[in-house]
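One structure is given below, encoded as structure tokens.
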Amino acid sequence: MSQQQLFIKTYQRGAVEITQKVNNIIVTQGHLVELCHVFVAHSSASLMIAGSEDSDILLDIEDYLQKIVLDANPKYRHNEDDFDMSGHIRTILTGEVKTIPIIDNKLGLGQFQGLFLYEHRFGENIRKLIITLS
């Protein structure tokens with residue numbers, strides 16, 4: 001088993017594909033591993049596996065989340081800024097962890113799947129991911 005941290009800089013709300021960055025970590029391990037566990041150590045960013053063949057997929061996901069999780073909802077008790085509580089709720093809905101099998105020394109994703117870090121806040125952020133290979 002091995003563990004490594006990966007830092008991703010985000011600039012706005014939305015999804016950033018990280019499939020290749022994680023695959024690069026897998027390749028550098030130099031020994032046979034079967035599972036990749038990815039955890040994002042933040043409460044307003046998450047992970048998702050989504051279609052990577054069409055960028056409209058990510059836009060449609062964002063549109064949907066904006067409809068079900070309102071920003072700046074005056075009913076939120078926690079109100080650090082307009083996007084803080086909505087970011088926490090989005091993270092709970094989309095999840096902060098993924099465990100993916102490794103096949104042929106890379107993530108065993110489907111042909112049109114990608115692994116994405118989903119930033120739920122606006123502005124520049126640096127997000128820490130912990131990658132555990134076993």
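Across region 53-79, what is the number of residues that are among the aliphatic types (A, V, I, L, M), assigned to a helix (DSSP H, G or I) and surrounded by 12 or more Cβ atoms within 10 Å (Cβ to Cβ)? Spell out the reasoning first.
Applying the first criterion (among the aliphatic types (A, V, I, L, M)) to region 53-79 yields 57-59, 61, 65, 68-70, 72.
Of the ones still in play, those that are also assigned to a helix (DSSP H, G or I) are 57-59, 61, 65, 68.
Those left that are additionally surrounded by 12 or more Cβ atoms within 10 Å (Cβ to Cβ): 57-59, 61, 65.
Going through region 53-79 one residue at a time, the tally reaches 5.
Does Val69 satisfy being under 15 Å from the mean Cα position of the chain (by Cα) and of a type in the set (A, V, I, L, M, F, W, C)?
Considered against the rule, which asks whether it is under 15 Å from the mean Cα position of the chain (by Cα) and of a type in the set (A, V, I, L, M, F, W, C), Val69 comes out as no.
For Ser44, state whether it is within 14 Å of the chain's Cα centre (by Cα), surrounded by 15 or more Cβ atoms within 10 Å (Cβ to Cβ), within 18 Å of Leu129 (Cα to Cα) and of a type in the set (Ser, Thr, Tyr).
Numbers: within 14 Å of the chain's Cα centre (by Cα): yes; surrounded by 15 or more Cβ atoms within 10 Å (Cβ to Cβ): yes; within 18 Å of Leu129 (Cα to Cα): yes; of a type in the set (Ser, Thr, Tyr): yes.
So Ser44 fits the description; yes.
Consider Met85 against the criteria (1) over 15 Å from Gln12 (Cα atoms); (2) within 17 Å of the chain's Cα centre (by Cα); (3) hydrophobic (A, V, I, L, M, F, W, C): it satisfies all of them except one. Which criterion is unmet?
Among (1) over 15 Å from Gln12 (Cα atoms); (2) within 17 Å of the chain's Cα centre (by Cα); (3) hydrophobic (A, V, I, L, M, F, W, C), Met85 violates only (2).
Only one of Ile102, Ile49, Ile92 is under 20 Å from the mean Cα position of the chain (by Cα) and free of Cβ contacts under 8 Å to residues at least 12 places away in the same chain. Can you tell me which?
On the way: Ile102 fails: free of Cβ contacts under 8 Å to residues at least 12 places away in the same chain; Ile49 fails: free of Cβ contacts under 8 Å to residues at least 12 places away in the same chain.
The unique qualifying residue is Ile92.
Of the residues Phe112, Phe122, Phe116, Phe39, only one is under 19 Å from Ile8 (Cβ atoms), of a type outside the set (D, E, K, R) and more than 13 Å from the chain's Cα centre (by Cα); which? Before the answer, list the steps.
Values: Phe112 fails: under 19 Å from Ile8 (Cβ atoms); Phe116 fails: more than 13 Å from the chain's Cα centre (by Cα); Phe39 fails: more than 13 Å from the chain's Cα centre (by Cα).
Result: Phe122 is the single residue among Phe112, Phe122, Phe116, Phe39 that is under 19 Å from Ile8 (Cβ atoms), of a type outside the set (D, E, K, R) and more than 13 Å from the chain's Cα centre (by Cα).
Yes or no: Gly123 under 29 Å from Gln4 (Cα atoms), free of Cβ contacts under 8 Å to residues at least 60 places away in the same chain and either in contact with a Gly (Cβ under 8 Å, 6 or more places away or on another chain) or outside any helix (DSSP H, G or I) (or both)?
no
Starting from residues that are of a type in the set (S, T, N, Q) and over 14 Å from Ile126 (Cα atoms), keep the ones in region 1-27 and report whichever is nearest to the chain's Cα centre (by Cα).
Looking at residues that are of a type in the set (S, T, N, Q) and over 14 Å from Ile126 (Cα atoms), I get Thr19.
Hey, Leu129 hits all of (1) touching an Asp or Glu at 6+ places or on another chain (Cβ under 8 Å); (2) crowded, with 18+ Cβ neighbours inside 10 Å but one; which does it fall short on?
It is condition (1) that Leu129 fails.
Restricted to region 80-104, and to residues that are closer than 16 Å to Phe122 by Cβ and of a type in the set (S, T, N, Q), which residue is surrounded by the most Cβ atoms within 10 Å (Cβ to Cβ)?
So, considering only residues that are closer than 16 Å to Phe122 by Cβ and of a type in the set (S, T, N, Q), the one surrounded by the most Cβ atoms within 10 Å (Cβ to Cβ) is Ser86.
I need the full set of residues from region 63-89 which are touching a Lys or Arg at 6+ places or on another chain (Cβ under 7 Å) and either closer than 19 Å to Phe112 by Cα or at pLDDT below 85 (or both), in order please. Write out each step before concluding.
Quick first cut of region 63-89, residues touching a Lys or Arg at 6+ places or on another chain (Cβ under 7 Å) only: 65, 69, 83, 87.
Selection gives Phe83 alone.
I'm trying to understand the selection: among the residues of region 2-41, which are in contact (Cβ under 8 Å) with a residue 24 or more places away in the chain, in a helix (DSSP H, G or I) and surrounded by 13 or more Cβ atoms within 10 Å (Cβ to Cβ)?
Selection gives Thr19, Val22, Asn23, Ile25, Ile26.
The values are calculated or read from the model by the stated rules, or taken from the named source; none is laboratory data. Computed from a predicted structure; not experimentally measured. Because the Cβ atoms are built from the backbone with ideal geometry, glycine has one as well, and the counts that use them run over all protein chains shown.
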